[in-house]
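The values are calculated or read from the model by the stated rules, or taken from the named source; none is laboratory data. What you see is a predicted model, and the numbers here were worked out from it, not measured in a lab. Cβ atoms come from the backbone with ideal geometry, glycine included; neighbour counts cover every protein chain shown. SASA here: full protein model, heavy atoms, side chains in, ligands and nucleic acids out. Shrake-Rupley method; radii C 1.70, N 1.55, O 1.52, S 1.80 Å.
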Amino acid sequence: MIGRKRKYEDPHIRSFHELLSGHNPVLYKKEDLLAYDCDGFTIHKHLPKAVVFPENTREVASIVRYCHDHNLPFLARGAGTGLSGGAIPINGEVIISLVRMKRLLEVDLKNRRAIVEPGYVNLKLTQSIEDKGYYYAPDPSSQYCCTIGGNVAENAGGAHCLKYGVTTNHILGMEVVLPNGDIVEIGKAGILDEPGYDLLGLMTGSEGTLGIVTKITVRILKHPEAKQTVLAYFDKVSDASHTVSDIISEGIVPAALEMMDRIAMEGVEAAAFPIGHLLDAEAVLLIEVDGISAGMDQQIERILTVCRKHHVREVKVATSEEERMKWWANRKTGFGAMGAISPDYLVQDGVIPRTKLPVVLSTIQKISETYGLRIANIFHAGDGNLHPLVLFDATVEGETERALQAGSECLRACAAVGGTITGEHGIGIEKKEEMRFVFTEEEINAQLEIRQVFNPRNLLNGGKLFPSPSRCVEIKQS
Ligand SMILES: Cc1cc2nc3c(=O)[nH]c(=O)nc-3n(C[C@H](O)[C@H](O)[C@H](O)COP(=O)(O)OP(=O)(O)OC[C@H]3O[C@@H](n4cnc5c(N)ncnc54)[C@H](O)[C@@H]3O)c2cc1C
């Protein structure tokens with residue numbers, strides 16, 4: 001509309017337009033909102049009230065303050081790749097999309113840090129500094145599209161987190177818009193142990209329930225001098241599992257130690273990046289070591305010795321960078337590859353002590369038989385971070401519910417051996433009730449009280465992360 005102020009029936013929509021400066025900064029028509037009714041957890045879908053696109057911190061703060069003052073529920077969204085439903089607007093929230101805040105603000109190689117806006121895509125950071133010999137270590141398989149803001153909220157992990165740690169180990173500072181619209185700085189970038197509570201640690205992994213992150217200072221690392229990568233095929237899952245714990249107990253810390261079972265190999269071979277896996281093997285390990293070149297051949301030899309001890313059928317060592325990258329493309333597209341062998345799938349995310357891998361994988365096999373659904377396993381074996389992928393067909397009546405129950409049983413099996421119910425994908429709405437597998441009512445209430453301090457009206461991403469309250473009457477949870 002040129003020369004005339006556009007009329008919006010809903011006064012909130014009009015106000016959002018007034019608060020934001022960018023082109024087309026508000027979506028509010030049903031056909032536009034449909035794309036925002038879920039994230040990577042596609043089983044539950046809810047339409048937001050609107051989606052707004054702020055371009056800077058000031059605009060985020062003004063939208064948040066408006067929602068706060070008008071009692072409108074709201075939540076942050078990055079790329080929407082989250083797998084536990086954290087960005088699903090279950091209360092008809094206003095979605096504050098951070099995708100237009102995607103600038104790399106500063107690279108400080110001397111101090112090995114970079115400052116990014118929250119909508120900056122994870123992989124772009126490495127791509128923009130690798131010619132200088134640096135990279136950003138946390139590497140979720142979704143790194144080509146997920147945002148660093150979303151990674152902070154979920155404390156994202158990745159294949160190389162075994163040696164280098166998860167997102168929280170790489171965050172040096174952040175700017176946050178609190179649920180009342182106040183803007184705060186947390187962490188003095190570069191100071192390792194600040195006095196007072198570890199608010200950076202608290203904010204990282206809080207799943208967008210304590211504040212909206214609008215600027216992040218991250219640690220960047222120098223590329224290792226050399227890398228070597230091995231594929232090892234086993235006829236028994238238990239042999240592959242014992243190999244994993246023995247490699248670590250030998251004192252070797254590979255950069256990555258990943259496992260796929262037979263169904264997972266069938267999926268990745270049917271999808272976009274096949275590499276000729278042995279499809280009659282029961283498991284394959286993808287093992288990578290990195291560091292200085294001296295001594296690396298000996299390290300690989302020690303790994304191969306452990307593999308042989310556990311009856312490895314065949315091993316391959318990557319002979320070129322190109323081959324190594326193909327192996328990683330095959331592994332990293334593993335979840336999506338399930339679409340090649342099943343109409344639908346549900347990813348789970350439990351963690352167990354590594355030594356319990358054989359017993360828990362066999363329990364998962366029994367769960368698969370009980371529920372009559374195939375379950376593939378693609379996971380960060382070195383961390384004990386399992387990803388059972390329950391394959392199902394949502395068009396078959398009752399199958400979605402069976403898949404959800406089977407997934408929940410997998411988490412119960414992890415908790416039963418002293419593990420927990422998420423390693424990297426978060427709780428969101430998906431695993432709220434399973435929080436009771438690992439926390440008592442008192443422990444859950446203590447955590448809700450922390451949320452109450454930051455988010456007293458629970459307008460920011462309410463109803464996520466914790467189960468429906470059974471006792472905490474004073475703590476309002478939508
Ligand atoms: C194929 C595939 C593979 C994956 N592999 C991995 C993996 O290897 N490791 C792993 O850890 N995860 C993995 N994930 C899950 C997902 O990519 C991560 O959780 C990622 O961190 C989410 O980022 P996002 O930008 O998509 O966030 P979104 O999905 O948009 O949001 C996730 C949560 O973060 C909150 N949030 C987003 N931005 C902000 C912000 N700026 N401030 C505060 N809160 C915010 C949202 O409210 C929501 O609760 C995978 C997902 C897919 C689809």
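Scaled against the 2.2 N^0.38 Å expected of a compact globular protein of N residues, the Cα radius of gyration of the chain reads 1.00.
The P(r) of region 224-341 has a tail past 21 Å containing 35 percent of all C-alpha pairs. What a 1.4 Å probe finds exposed on region 135-271 is 52% carbon and sulfur by accessible area, rounded to a whole percent. Rounded to the nearest 500, the helix-only mean residue ellipticity at 222 nm of the chain stands at -9000 deg cm²/dmol, with each DSSP H run of n ≥ 4 adding -39,500 (n - 2.57).
How many nm separate the modelled label positions at Leu279 and Gln365, each set 7 Å beyond the Cα in the direction of the Cβ? With each label point 7 Å from Cα toward Cβ, the separation is 2.1 nm.
A simple packing score, the average count of other Cβ atoms within 10 Å per residue, orders the peptides 90-103, 444-457, 358-371 as 90-103, 358-371, 444-457, with the highest score first. For the residue pairs Lys236/Lys309; Lys49/Lys464; Lys102/Lys124; Lys49/Lys431; Lys356/Lys464, alpha carbon separations beyond 22 Å are given by Lys49/Lys431; Lys356/Lys464. In a fully extended conformation the segment linking Leu105 and Asn24 would gain 26.8 nm over its present Cα-Cα distance, using 0.36 nm per residue.
Highest-first packing order for the peptide set 123-132, 143-152, 55-64 is 143-152, 55-64, 123-132, based on the mean count of other beta carbon atoms within 10 Å.
What separates the Cα centres of region 1-72 and region 149-170 is a distance of 30 Å. If the chain linking Val184 and Val317 were pulled fully straight, counting 0.36 nm for each residue of separation and taking away their Cα-Cα distance, it would gain 43.0 nm. Grab the beta carbon distance between Thr42 and Ala272, set R0 = 22 Å, and tell me the FRET efficiency rounded to 0.05. Once the sixth-power term is evaluated, E becomes 0.65.
Peptides 391-397, 28-34 ranked from most to least packed by the mean count of surrounding Cβ atoms within 10 Å: 391-397, 28-34. Rounded to the nearest 0.05, what FRET efficiency is calculated for Thr305 and Lys326 with R0 set to 25 Å and r the Cβ-Cβ distance? Approximately 0.45, to the nearest 0.05. The C-alpha atoms of the chain define a longest principal axis, and helix 321-332 lies at about 60 degrees to it. Against the chain, whose longest principal axis is taken from its Cα atoms, helix 441-454 shows a tilt of about 50°. Taking 1.002 mPa s as the viscosity and 20 °C as the temperature, the Stokes-Einstein diffusion coefficient of region 330-478 based on its alpha-carbon Kirkwood radius rounds to 130 µm²/s. Looking at region 11-97 alone, DSSP beta bridges between its own residues are antiparallel in about 20 percent of cases. Extension gain for Ala294 to Asp193 (0.36 nm times residue separation, less C-alpha to C-alpha distance): 33.0 nm.
Counted over all Cα-Cα pairs of region 104-222, pairs farther apart than 20 Å make up 36 percent. Expressed to the nearest 5 percent, the antiparallel share of DSSP beta bridges inside the chain is 85 percent.
Neighbours of Leu178 by Cβ distance under 13 Å: Lys/Arg scored +1, Asp/Glu scored -1, total 0. With a Förster radius of 56 Å applied to the beta-carbon distance between Lys236 and Glu442, the computed FRET efficiency rounds to 0.85. The value given for region 11-97 is a Kirkwood hydrodynamic radius of 12.9 Å, derived from the mean inverse Cα-Cα separation.
Restricting region 229-314 to GluC sites (Glu not before Pro) that sit in a DSSP loop and have at most 13 other Cβ atoms within 10 Å of their own Cβ leaves Glu250. For region 342-431, the relative contact order is 41 percent, taking Cα pairs closer than 8 Å that sit 6 or more residues apart in sequence and dividing their mean separation by the residue count.
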